[in-house]
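Structure record follows, encoded as structure tokens.
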């Protein structure tokens, strides 16, 4: 260690692959900035679409919908996990919600200082306020609240290059062996699920020290 | 609290549903006695057969075999989890291993002082020594090492009443909504996976204090 800035280019790094429709991604989105800061790890945000990944695995929708017993368990687990982490929680009346528009906005936000706040607000829309998240109006309202140029960002989000990038990032997720969300990578090391966030951050710090 | 013995009838209790063929049950079997003692929680051991549960959900074998990408991940996850907990680990050359004989012995051991040691030794046979666990010889060797009447226990394990009890306990697992192993119950509250063992123990203690 030669006096790197805490989040300089040589900081340990974690890739965070997530989906706004995914309930366990909600837990990770709400926690990751605070946890990563505690470990001194830089976050590389990687929004991707879970739907095409699940369809390639033969699932037409979330396994929590297809698999009734696991689904019933998951909502109880979510209520308990949110209580444990001190997070608000409302079981969404529609699940899984389409999230293509906010995922495209998130692609534009990755690397920007507003990314964490935008993602938390979008997740709260889905899993606390129980609102549709694939509409311009509520997403614009979040961007405006964050003092961002909402109509410019929404136009850019819906332009062809952003659509293409989201498709490519989803293909990359599939190529890397991702089968669910959230997923974390530290180098080639993959960690699946909010339950592995701390292990992944430990790994990032240990790697850095080697 | 009126001076109960630490593990008296009024102690907080956790039901531990597990399978010797299940790799995440390995982690929980190796950890549970120490963890439960730390919390002052009594363990009710509930061996059951995972195969019939999975078949009822439309899976002919473990999802880690059926689902190639998740399977590849799981073996890496197991190696890391074992390193984290300080447990030995060998990826078994056959998976999932049939465990009907040792599950029947475990039914006889539930409630006996030798249960924890027997379960750990059987799990080590599968996930450390990479040996077949559904044979009389290695199971007898474990029982003899524990100073138990091996041939009496094996005869009783293979007698009709024990076979029936294991079938019934598996049906009970299914009726309670169990879809994987390990699963913990604290009263009616279900916790799935080794990752939830500590949450379940916390819950047991909190329930008791109410």
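Any read-out appearing in this document is the output of simple, stated calculations on the displayed coordinates, not a laboratory observation. The structure displayed is predicted, hence computed values, not measured ones. Cβ: placed from backbone, ideal geometry, glycine included. Neighbour counts: every protein chain shown.
In nm, to one decimal, how far is the modelled label at residue A:165 from the one at residue A:44, with both set 7 Å along Cα→Cβ?
1.5
No solvent, one uniform scatterer per C-alpha: report log10 I(q)/I(0) for the protein assembly as shown via the Debye equation at q = 0.07, 0.12, 0.14 1/Å, two decimals.
-0.39, -1.04, -1.31
Mind checking the full-extension length gain between residue A:189 and residue A:175? Use 0.36 nm per residue of separation minus the Cα-Cα distance, one decimal, nm.
Numbers: separation 14, 0.36 × 14 = 5.04 nm, distance 1.41 nm.
Here the segment from residue A:189 to residue A:175 would lengthen by 3.6 nm.
Taking Cα centroids, how far is the range A:39-55 from the range B:123-159 in Å?
Cα centres, the range A:39-55 to the range B:123-159: 45 Å.
Rounded if a/c is under 1.5, else prolate if a/b is larger than b/c, else oblate: which is chain A, with a ≥ b ≥ c the root eigenvalues of its Cα gyration tensor?
Rounded.
Distances in nm, one decimal, shortest first, from residue A:59 to the same residue in every other copy, taking the label point 7 angstrom along Cα→Cβ.
1.1
Fewest Cβ neighbours within 10 Å first, please rank A:123, B:59 accordingly.
B:59, A:123
Need one word for the range B:97-210: rounded, prolate or oblate. Basis is the Cα gyration tensor (sqrt eigenvalues a ≥ b ≥ c); a/c below 1.5 gives rounded, then a/b vs b/c decides.
prolate
Express the relative contact order of the range A:87-210 as a whole percentage, based on alpha carbon pairs under 8 Å and six or more residues apart in sequence.
The value is 21 percent.
When A:170, A:183 are ordered from fewest to most other Cβ atoms inside 10 Å of their Cβ, what list results?
Exposure proxy ranking, most exposed first: A:170, A:183.
Using a Gaussian network model of chain B with C-alpha springs under 10 Å, which one of B:159, B:150, B:110 is most mobile by mean-square fluctuation?
Of B:159, B:150, B:110, the most mobile in the Gaussian network model is B:159.
Can you list the copy-to-copy distances for residue A:34, using a point 7 angstrom from Cα toward Cβ, in nanometres, shortest first?
Label point to label point, same position, other copies: 3.0 nm.
Sort A:151, B:62, A:22, A:93 by Cβ crowding within 10 Å, fewest neighbours at the top.
A:93, A:151, B:62, A:22
So the label point sits 7 Å from Cα along the Cα-to-Cβ vector; using that for residue B:145, what distances do you get to the other copies, in nanometres, sorted shortest first?
Result for residue B:145, in nm, nearest copy first: 5.9.
For chain B, what does the relative contact order come out to in percent, with C-alpha contacts under 8 Å and a separation of six or more?
31
Of B:80, B:120, B:97, which has the largest mean-square fluctuation in a 10 Å C-alpha GNM of chain B?
B:80
Name the nearest-to-axis residue of chain B, judged by Cβ distance to the rotation axis taking chain B onto chain A, and quote that distance in whole Å.
Its Cβ sits closest to the axis: B:195, 2.
Residue B:132 versus residue A:145, label points 7 Å from Cα toward the beta carbon: distance in nm?
6.3
Rounded, prolate or oblate: pick one for the range A:37-132, where a ≥ b ≥ c are the square roots of the eigenvalues of its C-alpha gyration tensor, a/c under 1.5 means rounded, and failing that, prolate if a/b is larger than b/c, else oblate. Mind dumping the intermediate values first?
Working: a/c = 1.75, a/b = 1.27, b/c = 1.37.
Judged from the Cα gyration tensor, the range A:37-132 comes out oblate (a/c at least 1.5, b/c at or above a/b).
Identify which of A:20, A:184, A:64 has the largest mean-square fluctuation in a Gaussian network model of chain A, with springs joining Cα atoms closer than 10 Å.
In this elastic network of chain A, the residue with the biggest mean-square fluctuation among A:20, A:184, A:64 is A:64.
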